[in-house]
Amino acid sequence: MFTPKLNFKFTLVMSWLLLSIVSRAQQSAFFVWETDFEHALQTAKKEDKSVLLYFSGSDWCKPCMKMKQEIFNSVSYKSYAAQNLISVLVDFPRYKRNALPNEQIRQNEQLAATYNEKGIFPLAVLLNASGQIIATANYKPGGSLPFLAYLESKIKPKNQSTTHSFAAMGSPFEITIVTSPEVNANELIAKAELEIRRIEKLISSWDHHSQTSKINTNAGLSPVKVDTELYGLIERSIKVSRLTGGAFDISFASINHIYTFDGSTNDMPSEEEVSRSVQLINYKDILLNPLDTSVFLKKVGMKIGFGAIGKGYAANMAKKFLINNGVKNGIVNAGGDLCAWGAPVNGNSWKIGIADPSKEKPFIAYVDLNDLAMVTSGNYERFIFIDNVKYAHIIDPRTGHPVRGLKSVSIVCPDAELADALATAVFVIGAKNGLAFVNQLENVECLIIDDNNKIMLSKNMRLNEE
Ligand code: AMP
Ligand code: MG
C-alpha cells in the first residue's frame with residue numbers, strides 16, 4: 001500500500017558524504033593525471049576544485065623527475081589532490097619512443113604559450129576553474145609538505161554547508177546555507193529561524209492575540225487596523241483568488257472548523273452545516289482599506305487563514321533575510337515547501353528527488369532548483385477518510401467539501417509564496433483544468449500525481465534522471 005506521508009518527503013542528495021568517509025590512503029588511489037585541459041576545467045568547475053598544470057620534460061629534465069618523485073608521487077599530494085585539485089600533466093618528452101600524439105603536442109604547446117611563456121621546467125601552475133593563474137611554483141627539494149602548504153595558502157578556503165532543522169508552523173523546517181568558513185553560519189540560520197517564528201506569530205489563527213485572530217473575531221463588527229506586512233499578504237492572497245477564480249481563498253477558514261483533518265474522526269458534517277458555512281467563503285467579502293491598512297470581514301462568523309500560503313511566505317522571508325546578510329547559496333525547506341538560491345557545495349544546482357508514488361524506486365526523477373521554489377500540496381499530510389475515501393485537507397470554496405482525486409500538486413516558480421498558493425489552487429481546480437491554467441502562466445510549471453499514480457507535467461516542466 002502506498003503510504004505517501006513518508007514516501008513524499010523531498011530529499012536533498014548529498015554525494016560528498018561518500019568522500020568524507022574514505023581514508024586518506026584510499027583517497028590517494030583516486031588520483032589520476034588528466035591530459036585534456038578543457039575536460040580538466042569542466043571537472044574543476046563541476047567539483048569546485050582548482051587545476052594544477054605540471055610542465056614537465058619527463059625524459060630529459062632531471063629536476064622534473066625529482067619533482068615528480070618527491071612531490072607528485074607522494075601519498076600526501078595524491079590524497080590532497082583527490083579532494084582539491086585536477087592535476088594536468090603537460091609533458092614535453094624529447095625521445096621518439098615517448099612521443100605524444102599530435103593533438104596532445106598541440107594542446108601542450110598552447111598551454112606553454114599561455115601559462116609558461118619563459119619555458120621553465122619543471123613548473124607547477126595553479127589555476128582556478130576559469131583558467132586564471134592563482135600561483136606558480138618551481139621545484140625546491142624538501143618533500144611534498146612545504147609544496148602542499150604553499151598550495152593550501154593560495155587556494156581560496158572552500159565553502160561549507162551548514163544545516164539546521166526545527167519545527168515551526170506545525171511542520172518540520174530545515175535550512176541549509178553554503179558559506180565561507182569565516183561566516184558564522186549557525187548564528188545566521190538561528191536568526192532566519194527567528195524571522196520564521198515572527199511571521200508565525202503574525203499570521204497564526206491559533207494564537208488569540210495575533211492580528212489575524214483580531215480580524216476574525218471582529219468579522220461583521222468592525223475593521224481591524226493591521227501591520228502593512230499582514231495587509232500586504234492579504235492583498236496578495238486576494239490577487240491569487242482573482243487569478244484562480246476563487247479556487248484559492250483564505251476565507252476557506254470560515255468553514256474549516258466543521259472538519260477534523262487529523263484522522264481522529266470519520267464523521268462528515270451534515271449537508272445543511274456545509275451549505276450554511278460555505279456561504280461565508282468569499283474573498284470578495286474581505287474588504288481592504290489602504291488608507292489605514294485595515295481589514296474588515298463583511299459577515300459575522302467569517303474567518304481567514306493562511307494555511308495554504310503562510311509557509312511559502314515564511315520560506316521567502318527567511319531566504320530574503322539570509323540573502324540580505326550576504327548568504328549567496330541556500331535552501332529553505334518549510335515542511336516540504338522549498339525555496340533555493342545559488343548552489344550546493346558540490347554541483348551547480350540544488351537537486352530535489354521526487355518520491356515514487358508507487359514506491360517501486362526511491363525517486364521517479366529529480367528537479368534542479370536554480371533560484372526557484374518548489375511547493376507541494378498533497379493529501380498525504382492531513383486528510384480525512386469517509387467511507388474509505390480519502391479527502392485532502394483542502395476545501396473546494398465553491399462546494400465547501402474537501403477535494404479528492406489527486407495525490408499531489410507540485411508547483412515550480414521563482415516565488416515560494418506564489419508557488420504555495422498556486423499548488424493549493426491547482427489541487428482544487430483538478431488535473432486537466434489545472435494543467436491548462438498553469439500552461440497559461442509565465443515562469444510557472446507543475447507536476448501533478450493523481451490517485452492512480454498517473455504523473456502529469458506542465459508544458460515546460462523539466463525532470464532529470466539523476
Ligand atoms: P497547502 O498544503 O499549501 O495546500 O495548504 C493546505 C491548507 O490550506 C489547509 O490545511 C487549510 O488550512 C488551507 N486551505 C484549505 N483549502 C483552501 C483553499 N481552497 N484556499 C486557501 N486555503 C485553503
Ligand atoms: Mg499551498
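FYI, it's all coordinate maths here, none of it is from the lab. Remember, it's a predicted structure, so these values are computed and weren't measured experimentally. Here the Cβ positions follow ideal geometry from the backbone for every residue, glycine too, while neighbour counts run over all protein chains shown.
Which of the GluC sites (Glu not before Pro) found in region 146-184 are loop residues per DSSP with 11 or fewer other Cβ atoms within 10 Å of their Cβ?
GLU182
Mean separation of Cα pairs under 8 Å and 6+ residues apart, divided by the residue count of the chain: what relative contact order is that in percent?
14
May I ask for the angle, rounded to the nearest 10°, between helix 37-47 and the longest principal axis of the chain, with both axes built from Cα atoms and the value confined to 0 to 90°?
It works out to around 40 degrees.
May I ask which residue of VAL300, LEU145, TYR95 lies farthest towards the positive end of the charge dipole of the chain, with charges of +1 (Lys, Arg) and -1 (Asp, Glu) on Cβ and the Cα centre as origin?
The residue sitting farthest along the positive end of the dipole is TYR95.
Please give the helix 228-243 orientation as an angle from the longest Cα principal axis of the chain, in degrees from 0 to 90, rounded to the nearest 10.
80
I need the trypsin sites (Lys or Arg not before Pro) found in region 40-135, filtered to DSSP loop residues with at most 10 other beta carbons within 10 Å of theirs. Spell out each step's value before the answer.
Details: sites: LYS45, LYS46, LYS49, LYS66, LYS68, LYS78, ARG94, LYS96, ARG97, ARG106, LYS118; in loops: LYS49, ARG94, LYS118.
Taking region 40-135 and a limit of 10 other Cβ atoms within 10 Å, the loop trypsin sites (Lys or Arg not before Pro) found are LYS118.
So, R0 is 51 Å and r is the distance between the beta-carbons of ASP267 and LEU194; what FRET efficiency does that work out to, to 0.05?
For R0 = 51 Å, the calculated efficiency reads 0.80.
Return TYR77, TYR231 ranked ascending by Cβ neighbour count within 10 Å, so the fewest neighbours appear first.
TYR231, TYR77
Subtract the Cα-Cα distance of LEU145 and ASN433 from 0.36 nm times their separation in residues, and report this length gain in nm to one decimal.
Taking 0.36 nm per residue and subtracting the Cα distance, the gain is 97.1 nm.
Where the only charges are on Cβ atoms (+1 Lys, Arg; -1 Asp, Glu), what is the dipole of the chain about its Cα centre, to the nearest 20 debye?
Roughly 1000 debye for the chain.
Spin-label point model (7 Å from Cα, Cβ direction): what's the LYS298 to GLU174 distance in nm?
4.5
At a 10 Å Cβ-Cβ cut-off, how would you order LEU111, LEU435, LEU145, LEU291, fewest neighbours first?
Neighbour counts put them in this order, fewest first: LEU291, LEU145, LEU111, LEU435.
For a quick check: with amide H placed at 1.01 Å from N, whose amide H comes under 5 Å from THR136's, ignoring anything fewer than 5 positions away on the same chain?
LEU126
For GLN160 and MET65, what is the calculated FRET efficiency with R₀ set at 41 Å and r taken between the beta-carbons, to the nearest 0.05?
Calculated value: 0.60.
For the chain, take the longest principal axis of its alpha carbons; what is the angle in degrees between that and the long axis of helix 75-84, to the nearest 10 within 0 to 90?
Roughly 40 degrees between the two axes.
Are there cysteines in the chain with no second cysteine's Cβ under 4.7 Å away, and if so, which?
CYS339, CYS413, CYS446
Please give the Cα centre distance for region 47-67 versus region 428-466, rounded to the nearest Å.
So the separation of the two Cα centres works out to 53 Å.
On a full-extension model of 0.36 nm per residue, what is the gain between GLU38 and LEU288, subtracting their alpha-carbon distance, rounded to one decimal in nm?
Value of the extension gain: 84.0 nm.
Would you grab the residues whose amide H sits under 5 Å from the one on ASP415? Only those 5+ places off in sequence or on another chain, please, with H modelled 1.01 Å from N.
Here the answer is ALA373, since their amide H atoms fall under 5 Å of that of ASP415.
Using 0.36 nm per residue of separation minus the Cα-Cα distance, give me the extension gain between LEU221 and ASN453 in nm, one decimal.
Numbers: separation 232, 0.36 × 232 = 83.52 nm, distance 4.70 nm.
Full extension of this stretch gives 78.8 nm more.
What FRET efficiency, computed as 1/(1 + (r/R0)^6) with R0 = 41 Å and r the Cβ-Cβ distance, is obtained for ASN102 and GLU465, rounded to the nearest 0.05? Don't skip to the answer; put the middle values down first.
On the way: r = 37 Å, r/R0 = 0.91.
Efficiency, from the Cβ-Cβ distance: 0.65.
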